[in-house]
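As structure tokens, the structure follows; a few thoughts come after it.
The values are calculated or read from the model by the stated rules, or taken from the named source; none is laboratory data. Everything numeric here is computed off the predicted structure, so don't read it as measured data. Note: ideal-geometry Cβ built from the backbone for every residue, glycine included; neighbour counts use all protein chains shown. Each accessible area value is taken on the protein alone, full model and side chains, heavy atoms only, with ligands, DNA and RNA left out. Shrake-Rupley method; radii C 1.70, N 1.55, O 1.52, S 1.80 Å.
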Amino acid sequence: MSNLLTIPCAIESVATRRDKTIKVTIGTQELTPEQTSALFNQWMGGVGVMAFKGEQFNYNDEQLLNNLKLDAAELGSKTPSQRLRATLYVLFEHAPEGHKDFNSFYAAMMERFIEMVKKRIDTYNL
């Protein structure tokens, strides 16, 4: 089942923000209960992808949009490596293990992880 939601809408306003992002206000015609439910269910997910076309989407457009894959950074969330770095920063704040700055702590922790994975590779059997 597709999670692509297509509803007729109009861009009502566009505004720039201090952080150089853009706020887009979209208005729709009256929606069916099913469309409203689908819209709220997808909105609860937080960040998504919006496509706007000055006419009805056709089948090829919908196929293209359904197959669109964006990485976490493009969707506004963190990539796994960004999450790891942020988590290591929190660990550094709680237990710096003798390191005076985060960069040296990060390098040391990454070296530990690399060595751990290398040992695992040596003992891994298919």
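Being modelled with pLDDT of 90 or more and open to solvent by 80 Å² or more (accessible area, probe 1.4 Å) holds for only one residue in 100, 69, 78, and it is 100. Number of residues in region 81-122 that are basic (Lys, Arg) and touching a helix residue (DSSP H, G or I) at 6+ places or on another chain (Cβ under 8 Å): the value is 1. Would you mention how many residues in region 4-40 are more than 14 Å from residue 54 (Cα to Cα) and among the aliphatic types (A, V, I, L, M)? Residues that pass the stated criteria total 9.
When region 36-57 is filtered for residues that are open to solvent by less than 70 Å² (accessible area, probe 1.4 Å) and at pLDDT below 80, the ones remaining, listed by number, are 45, 46, 48, 51, 53, 57. Residues in region 1-35 that are open to solvent by less than 100 Å² (accessible area, probe 1.4 Å) and either of a type in the set (Ser, Thr, Tyr) or touching a residue at least 12 places away in the same chain (Cβ under 8 Å) (or both): 19 in all. When residue 83 is tested against (1) farther than 16 Å from residue 7 by Cβ; (2) at pLDDT below 80; (3) open to solvent by 60 Å² or more (accessible area, probe 1.4 Å), just one condition goes unmet, and that condition is (2).
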